[in-house]
Amino acid sequence: MPCWPNSPWPRNLSQTASGKPGAVHSTFEVSDRLVVHPNRVGRCCQANANLSPLSLSFRDVEELLAQRGIDVSYETIRCWTIKFGPLIARLLKRRRQAPSPRWHLDEMVCWIGGNRLYLWRAVDDEGEVLDLVVQRRRDTEAALRLLRRLLHNQPVEPQTITTDGLALYGAALDVLDLRHLHRPGRLRENNRAENSHLPIRRRERQQQGFKSQASAQRFLTTHAAIYNTFNIQRHLISRPTLRRFRSEADAAWSAAVA
């Protein structure tokens, strides 16, 4: 992790200025030329975390933090996202209830660094993102990798697996002896997976495309956990239920970033 000279970013949040873990001091050593008070680091991280669920660029967050009296660069915010994003995503995922056992699988094309790659995604029948993986190929082995990740990481066994008409899904399910769960999509049967690509496309346009396969995988995994937390489908529920779901989502987010 690079530590920029003009950034209030500590090299190690568990290590104090004296270099001794666990000791309490009034300052963090950030670089050879800058020492930052821990209260400022805490305010910066908390403010950045509160803005993370919104669809904002790093420069947008920089401007909003400046209005709150926190002067940091967008490059510092990018470092925070890389450092704390996966951790927050894991904490949010632990707090989620078990998803539906009815899975929908689909793949989409992404141009990353001038190369044609495929984003393989799985959602349940309520739109919750189960898992995703960015791969270079669109074949049976790629489908197998996604299915094995799902079976290993999900707390429920699938009841049905709906896909589009690609034969490679059937071949992958044959390898896992799950062909009896397969529901090849017809017409609108896999619209749940198709529609779940839309938030990804919006973020892809805002970021002017992903820069590398690794950064795309890291960002989309973090984005999925945040999306699951705040995707409360307001068009399907009453206003009192919406307020309750919002409060629960805000409480889960506050606990994850605390």
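Counting neighbouring beta carbons within 10 Å and listing from fewest to most, the residues VAL156, VAL257, VAL123 come out as VAL156, VAL257, VAL123.
Remark on ILE232: its backbone amide H falls under 5 Å from none of the residues 5 or more positions apart or on other chains, H modelled at 1.01 Å from N.
Remark: the range 102-227 carries a charge dipole of roughly 580 debye about the Cα centre, counting +1 on each Lys and Arg Cβ and -1 on each Asp and Glu Cβ. Taking amide H as placed 1.01 Å from N in the peptide plane, the amide H of THR162 sits under 5 Å from that of TRP103, HIS104, LEU105, ARG183, each at least 5 places away or on another chain. Using the Cβ-Cβ distance between ARG202 and HIS235 with R0 set to 30 Å, the FRET efficiency from 1/(1 + (r/R0)^6) comes to roughly 0.95.
Place a point 7 Å from Cα of ARG246 in the direction of its Cβ. Which residues in the range 198-239 have their backbone N less than 18 Å from it? Correct set: 227-239.
Every number here is computed from the coordinates shown, using simple stated rules; none is lab data. A quick note: this is a predicted structure, and the numbers were derived from the prediction, not measured. Note that each Cβ is placed from the backbone with ideal geometry, even for glycine, and that neighbours are counted across all protein chains shown.
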